[in-house]
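This report refers to the structure that appears directly beneath it.
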């Protein structure tokens, strides 16, 4: 009898294990956060590859002499969810990364806070000025980034008001 019961238990065990779908094929685990998040790496890879979408005029670039990143005359570093310009810390959002690295940033990706942070970075680094000089003129061109962002950030209130300002002063 023992032999027949052993045969029966042997036959039943494989049937129980062969239930389809009981074991997941891929185990999904959350990855620990590293110094380079996927958002950072996407934008930095564009800078490293010198893609056409990279902003060569107002954005981050690689200083080949020192092997580091710069914006204007300032050093540029990133870690976790922040970017550092000459040691000053800014929250790194998708919108700020778009403004810092792309010549045609997605105008729907950035917020008012991103634009304010970008303006502070430009003021700090002089990346928007000719020869990165604090006394240099603002670099003007017909590019999308200048037209939609730089001109808006650095146009005086008097110029934006145009004729309305002139009419109220003279009247």
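Filter region 98-115 for residues that are in a helix (DSSP H, G or I), over 18 Å from residue 143 (Cβ atoms) and touching a helix residue (DSSP H, G or I) at 6+ places or on another chain (Cβ under 9 Å) and give the result. Quick ask: steps written out before the conclusion?
Residues of region 98-115 in a helix (DSSP H, G or I): 98-101, 112-115.
Checking the rest, the ones that are also over 18 Å from residue 143 (Cβ atoms) come to 112-114.
Selection gives 113, 114.
Conditions (1) within 19 Å of residue 150 (Cα to Cα); (2) modelled with pLDDT of 90 or more; (3) out of contact with any helix residue (DSSP H, G or I) (no Cβ under 8 Å at 6 or more places or on another chain); (4) surrounded by 13 or more Cβ atoms within 10 Å (Cβ to Cβ), marked per residue:
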| site | (1), (2), (3), (4) |
| --- | --- |
| 1 | no, no, yes, no |
| 21 | no, no, yes, no |
| 27 | no, no, yes, no |
| 43 | no, no, no, yes |
| 50 | no, no, yes, no |
| 58 | yes, yes, no, yes |
| 80 | no, no, yes, no |
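I'd like the full set of residues that are closer than 18 Å to residue 114 by Cβ, without any contact (Cβ under 8 Å) to a residue 40 or more places away in the chain and part of a loop (DSSP other than H, G, I, E, B), limited to region 77-97.
The answer is 93, and nothing else.
What are the pairs with Cβ atoms under 7 angstrom where one residue, in region 55-76, is in contact (Cβ under 8 Å) with a residue 40 or more places away in the chain and on the phi > 0 side of the Ramachandran plot and the other, located anywhere, is in a loop (DSSP other than H, G, I, E, B) and buried (at least 18 other Cβ atoms within 10 Å of the Cβ)? Sequence gap at least six, or different chains.
72/126; 72/127
For region 139-166: of the residues being outside any helix (DSSP H, G or I) and loosely packed, with under 15 Cβ neighbours inside 10 Å, which is modelled with the lowest pLDDT? Break it down into steps so the answer makes sense when it comes.
Going residue by residue through region 139-166, those that are outside any helix (DSSP H, G or I) are 139-143, 155-156, 162.
Checking which are loosely packed, with under 15 Cβ neighbours inside 10 Å leaves us with 140-142, 155-156, 162.
Numbers: 140: 93, 141: 91, 142: 91, 155: 78, 156: 61, 162: 50.
Among them, the one singled out is 162.
Residue-wise test of (1) surrounded by fewer than 22 Cβ atoms within 10 Å (Cβ to Cβ); (2) modelled with pLDDT of 90 or more; (3) within 14 Å of residue 153 (Cα to Cα).
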| site | (1), (2), (3) |
| --- | --- |
| 67 | yes, no, no |
| 75 | yes, yes, no |
| 91 | yes, yes, no |
| 117 | no, yes, yes |
| 135 | yes, yes, no |
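The values are calculated or read from the model by the stated rules, or taken from the named source; none is laboratory data. The shown structure was predicted, so the numbers you read here are calculated from the model rather than taken from an experiment. Please note: Cβ atoms are built from the backbone with ideal geometry, for glycine as well, and neighbour counts cover all protein chains shown.
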